[in-house]
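Note sheet for the following structure.
The values are calculated or read from the model by the stated rules, or taken from the named source; none is laboratory data. None of the values given here were measured: they were computed from a predicted structure. Reconstructed Cβ throughout: ideal geometry from the backbone, glycine too, with neighbour counts over all protein chains shown.
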Amino acid sequence: MSKRAVDAVFQALFLLSDIRFLLRETAPQHDFDEAQKQRAATTLEKVKRQIAIIEEELVQ
């Protein structure tokens, strides 16, 4: 596995930790306000980019 793929794995994990923090912040109902929804959407897009890098590097 390339260094780029390894970095992408760790970055994705850090980003998922940010989503976990959002879930803890809104427990127990997990009702997000608009700012939290936007933050979650932005973070998920970043996670998707990291997963794309991982797929790209592993499929080569």
Requested in this report: Scan Ala52, Ala12, Ala5 and give me the residue that is hydrophobic (A, V, I, L, M, F, W, C), exposed (fewer than 14 other Cβ atoms within 10 Å of the Cβ) and in a helix (DSSP H, G or I).
Outcome: Ala52
Query raised in the report: Is it true that some residue in the range 33-46 is in contact with a Phe, Trp or Tyr (Cβ under 7 Å, 6 or more places away or on another chain) and assigned to a helix (DSSP H, G or I)?
Result: yes
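When you scan the range 46-55, do you find a residue that is more than 14 Å from the chain's Cα centre (by Cα) and at pLDDT 95 or above, even just one?
Yes: the range 46-55 contains one or more residues that are more than 14 Å from the chain's Cα centre (by Cα) and at pLDDT 95 or above.
Which one is nearest to the chain's Cα centre (by Cα), of the residues in the range 15-29 that are outside any helix (DSSP H, G or I) and loosely packed, with under 11 Cβ neighbours inside 10 Å?
Step one: list which residues in the range 15-29 are outside any helix (DSSP H, G or I), which gives 26-29.
So of that shortlist, the ones also loosely packed, with under 11 Cβ neighbours inside 10 Å come out as 27-29.
On the way: Ala27: 19, Pro28: 21, Gln29: 21 Å.
The selected residue is Ala27.
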